[in-house]
Amino acid sequence: MGVLQLIEEQRRAALATVPAEVADYVAAGSWAEISAGEAVRAWQRVRLRPRVLRDVADLRTATTIMGSDLAAPILAAPSAYHGLLHPDGEVATAAGVAAGGGLMVLSSRSSASIEAVGDAAGPWWYQVYVLADRSLTEALVRRAAAAGARALVLTGDTPIVGDKSKAPAIPVPPSLRHVNTGRHLAPAVLADDAAALAATTQDAGTGMDAIGWLRDVSGLPVLVKGVLRGDDAAECLAAGASGIIVSNHGGRQLDQAVATADALAEVVDAVDGAAPVVVDGGVHDGLAIVTALALGAAAVMVGRPVQWAVAAGGARGVEALFEALTDDLRRAMALAGAASPEALDRSLIWRPQPQG
Ligand SMILES: Cc1cc2nc3c(=O)[nH]c(=O)nc-3n(C[C@H](O)[C@H](O)[C@H](O)COP(=O)(O)O)c2cc1C
């Protein structure tokens, strides 16, 4: 079975097991869902120039990203509250990603404890929102570092949460919402739903200085997620970032934000080899991965398919997804004439000749 068929099968199985409002929440984009709707198509618009006779008998998908050895350059994008999708939540996801040879990015809106995920995971990074109460963020990133996270991912595109018009914010039970923050909140705050929510929402005043602050308090390298412009990428690096993640948050924040397939090259050019660039958004098969690597990405992240996979089959479902993605990448690389990820470059991308 091809990877797109597996994703569709897992999505259908997930719809049969999770409540409809949870499935709608996963699928949703913001406003008219333009960015969410075009993400996959934007990769499919690219046309490729395969090479011939390149000896792909010993093809290798394995790669190293920021010191972590992976079976393929494929990461699980951070996403909130897997406890709504499977009883073992992010522990199941982390175990599946590890078995599939990938790297897990754990959302700071995790419904499993940071330590439990650290125990179950292979290589993993911790995604951060700088919260209204900065001491909470400091406590969380210190715990992530102690639990074995190898980097932080600061999500920069979410000063406030985008309105998913077709799927209003779902009520997340406090038992899931405060699994990690709960122990750092005063009992009176924790007991008061509104106060606990206020303390744990994003600080809309977060600026570039957060990058260096997070690096200093955690001792970990920081990647910035949500970058869609070359000038922003350069500013993030100047402020101390060790990596850039091109993302429009799965079309869930500013709608009509440029497709990541279209934004990637500008960011790669601005970074100019100074740091790894990762990309997500509709990267759901080997062709999209090959295209992203050819444009200069060091790795890709996969979002919603991982959520359908954990809902459909727990750790085994996620492992099957990573194996299918890696198989499909292998097939696409072989047919493109690239025996290793490093063999992919911009010459693979076809550009229309100017008329006249
Ligand atoms: C239900 C859901 C929850 C998400 N939660 C987070 C989050 O907590 N932090 C974050 O940085 N990104 C979050 N994202 C965005 C993903 O990390 C990623 O950018 C996006 O899903 C990639 O696009 P894809 O779903 O087309 O693969 C979420 C996405 C979805 C669909």
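Tabulated data
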| item | result |
| --- | --- |
| Residue in region 43-65 that is at pLDDT 95 or above and in a helix (DSSP H, G or I) present | yes |
| Set ALA299, ALA292: member being surrounded by 19 or more Cβ atoms within 10 Å (Cβ to Cβ), under 13 Å from the mean Cα position of the chain (by Cα), more than 11 Å from the ligand (Cβ to nearest atom) and within 26 Å of THR61 (Cα to Cα) | ALA299 |
| Hey, ASP55 farther than 30 Å from VAL172 by Cβ, surrounded by fewer than 14 Cβ atoms within 10 Å (Cβ to Cβ) and within 18 Å of the chain's Cα centre (by Cα) or not | no |
| The listed residue being at pLDDT 95 or above, under 17 Å from the mean Cα position of the chain (by Cα), surrounded by 15 or more Cβ atoms within 10 Å (Cβ to Cβ) and away from the ligand (no atom under 12 Å from the Cβ), out of GLY101, GLY29, GLY83 | GLY101 |
| Residues of region 302-356 that turn out to be free of Cβ contacts under 8 Å to residues at least 60 places away in the same chain and either surrounded by 23 or more Cβ atoms within 10 Å (Cβ to Cβ) or not in a helix (DSSP H, G or I) (or both), as a count | 8 |
| Residues of region 173-187 satisfying the condition of being surrounded by 14 or more Cβ atoms within 10 Å (Cβ to Cβ) and either at pLDDT 90 or above or touching a strand residue (DSSP E or B) at 6+ places or on another chain (Cβ under 6 Å) (or both) | LEU176, ARG177, HIS178, VAL179, ASN180, THR181, GLY182, HIS184, LEU185 |
| Residues of region 1-26 satisfying the condition of being surrounded by 15 or more Cβ atoms within 10 Å (Cβ to Cβ) and either outside any helix (DSSP H, G or I) or among the basic types (Lys, Arg) (or both) | ARG11, VAL18 |
| Any chance SER175 is touching a Leu at 6+ places or on another chain (Cβ under 7 Å), more than 20 Å from ILE65 (Cβ to Cβ) and either touching a residue at least 60 places away in the same chain (Cβ under 8 Å) or assigned to a helix (DSSP H, G or I) (or both) | no |
| Residue in region 268-285 that is within 11 Å of the ligand (Cβ to nearest atom), in a helix (DSSP H, G or I) and buried (at least 22 other Cβ atoms within 10 Å of the Cβ) present | no |
| Residue count, region 79-120 (criterion: of a type outside the set (Lys, Arg) and not in a helix (DSSP H, G or I)) | 20 |
| Condition check for ARG215: touching a helix residue (DSSP H, G or I) at 6+ places or on another chain (Cβ under 9 Å) and of a type in the set (Lys, Arg) | no |
| Criterion: out of contact with any Leu (no Cβ under 7 Å at 6 or more places or on another chain), modelled with pLDDT of 95 or more and of a type outside the set (Ser, Thr, Tyr) - qualifying residue of VAL130, VAL117, VAL153 | VAL130 |
| Among (1) of a type outside the set (Asp, Glu); (2) away from the ligand (no atom under 16 Å from the Cβ); (3) within 24 Å of THR155 (Cα to Cα); (4) surrounded by fewer than 23 Cβ atoms within 10 Å (Cβ to Cβ) - the single one VAL91 does not satisfy | (4) |
| ASP262 vs. criteria part of a helix (DSSP H, G or I), surrounded by fewer than 22 Cβ atoms within 10 Å (Cβ to Cβ) and charged (D, E, K, R) | yes |
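Per-residue answers, yes or no, for (1) assigned to a helix (DSSP H, G or I); (2) over 20 Å from the mean Cα position of the chain (by Cα); (3) buried (at least 18 other Cβ atoms within 10 Å of the Cβ); (4) not aliphatic (A, V, I, L, M):
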position	(1), (2), (3), (4)
GLY122	no, no, yes, yes
TRP125	no, no, yes, yes
ARG142	yes, yes, no, yes
ILE160	no, no, no, no
VAL189	yes, yes, yes, no
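The values are calculated or read from the model by the stated rules, or taken from the named source; none is laboratory data. Keep in mind it's a predicted model, so treat the numbers as computed, not measured. Reconstructed Cβ throughout: ideal geometry from the backbone, glycine too, with neighbour counts over all protein chains shown.
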